[in-house]
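Just so you know, all these numbers are worked out from the coordinates, no wet-lab data involved. Predicted, not measured: the structure shown is a model, and the values here were computed from it. Note: ideal-geometry Cβ built from the backbone for every residue, glycine included; neighbour counts use all protein chains shown.
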Amino acid sequence: MRTIQRRHRAIAAAVSTLITATLAGCSAGADSAADKNTLVVSTFPFGSEELQKAIIEPFEKETGYKVELDTGSNADRLTRLELANGDPGVDVMLISDYYAALGQSKDVFQPVKAEDVPNLGKLRDFAIDDKYEGPAYTYQLNGTLYRTDKLDAKTAADWSVFGDKKYSKKTALPDISVTAGQLTVSGIGDVYGSGPFDIDKAYDTLGSWAPGTLQFYTSSTEVTNLLSQGEIVAAPAISAFATGLIKSGEPVSWVAPSKGKYMATNRMMIPKGAQNPKAANAFIDYYLSAEAQTRAADVIGDMPVNPDAEVPAVLGKVAGKAASDPVAAGFSTLDPGPIVANRDDWVDRFAREVSSK
């Protein structure tokens, strides 16, 4: 595997005009064979070494394909797809569920089909949600990270802790731009309002808590540092943030909310115009196998969507039964339709009605 920086197709086209027709003709056959054996996987800018160890190297060894990585943020990578005009330079994209749905609304993805990916039939139902054109390969649970020397689990599991004056300026809340942001808004809308998309009630509630909130965080580093340094006692966050803290022996744990439990997924999508769809389907099928899902859980910390995968002890310690069956533990995914349709407005309103208070 090698990590690459994808160049604009226009540059490649310009360079190709300098190559003689004879050389181009001689090299065409070799290039075609190489292309069919090469798979370009677009993924997040973090965790690429773990992805290589858990998934890519074993996949290359088993199948003979060669994998190139294209990394970047969700937003940047989706923008590149939109500008690619049907020539994406990517065969598989690992992307968060909101951006997967946003990409679908812009018609840049194609469906992953069961006949091409047999392991689709072995996944949890939420992983093959028909609202998405590609399957989930892992998920993130929203709950509360808390200091075990300051709070008990029952207190931390109640959303009202973030409005309790006893903990004024000792809590943090997620900005809506991070994964836990929308999940928290929806959890509060569900508990204090009429449902996960009761944004008016959610923002009214969060706005009332804002004056007692120390910080609205925008990264995992921010919130974990605040907890480790004892500046806060609790913050809504996805369960993955707890793993490293627990391993290091910090007096920190994570607990699911008593009500308003929501989760997000990461999905594997095939862009329209992908040059190697056969290899793309092979990669997706491999990643969804019980063996690969077990390695991803152990090495990357991904919660598996294949129920036959083994869950490592640390994930079970963090999330309990939800680490293997989140739906049975009371978690739900959010309908992406309302989020895609209203996201810009909700982000603007969050800044005005919540985080600026």
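In terms of the Cα gyration tensor, with a ≥ b ≥ c the square roots of its eigenvalues, is the range 200-266 rounded because a/c is under 1.5, prolate because a/b exceeds b/c, or oblate?
It is oblate, given that a/c is not under 1.5 and a/b is not larger than b/c.
So which trypsin sites (Lys or Arg not before Pro) in the range 41-113 are both in a DSSP loop and have at most 14 other Cβ atoms within 10 Å of their Cβ?
Lys106, Lys113
Among [x] 78, 41, 36; [y] 79, 58, 53; [z] 52, 49, 48, which one is Cα extents along the principal axes in Å computed from these coordinates?
Only one option fits the structure, namely [x].
Scan around Asp302 for amide H atoms under 5 Å from its own, H built in the peptide plane at 1.01 Å from N, and keep only partners 5 or more places away or cross-chain.
Under 5 Å from the amide H of Asp302 lie the amide H atoms of Ala297, each far enough along the sequence or on another chain.
Given a Förster distance of 41 angstrom, what is the FRET efficiency for Ser208 paired with Lys53, based on the Cβ-Cβ distance and rounded to 0.05?
Given R0 = 41 Å and the Cβ-Cβ separation, E is 0.35.
Taking 0.36 nm per intervening residue step and subtracting the Cα-Cα distance, what contour gain separates Lys36 from Glu250 on full extension?
72.2 nm
Between Asn281, Val90, Pro304, whose Cα lies farthest towards the positive end of the dipole of the chain when Lys and Arg beta carbons carry +1 and Asp and Glu beta carbons carry -1, centred on the Cα centre?
Final value for the positive-end residue is Pro304.
Gain in length, Glu231 to Ala313, computed as 0.36 nm per residue apart minus the alpha-carbon separation, to one decimal in nm?
Once the chain is fully extended between Glu231 and Ala313, it gains 26.6 nm.
State to the nearest 20 debye the size of the charge dipole of the range 150-294 about its Cα centre, where the only charges are +1 on K and R beta carbons and -1 on D and E beta carbons.
80 debye
Magnitude of the Cβ-charge dipole of the chain, K/R +1 and D/E -1, about the Cα centre, nearest 20 debye?
Charge dipole of the chain: 620 debye, to the nearest 20.
Using a cut-off of under 12 Å, list every residue of the range 319-357 whose amide N is near the label point 7 Å from the Cα of Ser105 along the Cα-to-beta-carbon line.
It comes to 336-347, nothing else.
For Val252, list long-range residues whose amide hydrogen, built 1.01 Å from N in the peptide plane, is under 5 Å from its own amide hydrogen.
Thr148
Can you list the HN-Hα couplings for the range 138-152, worked out from phi with the Karplus curve (6.51, -1.76, 1.60; θ = phi - 60°), rounded to whole Hz and with x for Gly and Pro?
My calculation for the range 138-152 gives 6, 8, 10, 9, 9, x, 10, 7, 8, 7, 6, 8, 10, 9, 9 Hz in order.
Which whole-Hz ³J(HN,Hα) couplings does the range 219-226 yield from phi under the Karplus relation 6.51 cos²θ - 1.76 cosθ + 1.60, θ = phi - 60°, glycine and proline marked x?
Each residue of the range 219-226 in turn: 8, 5, 4, 4, 6, 5, 5, 4 Hz.
Just to be sure I understand the model, the point goes 7 Å from the Cα along the line to the Cβ. What's the resulting Thr218 to Asp87 distance in nm?
3.6 nm
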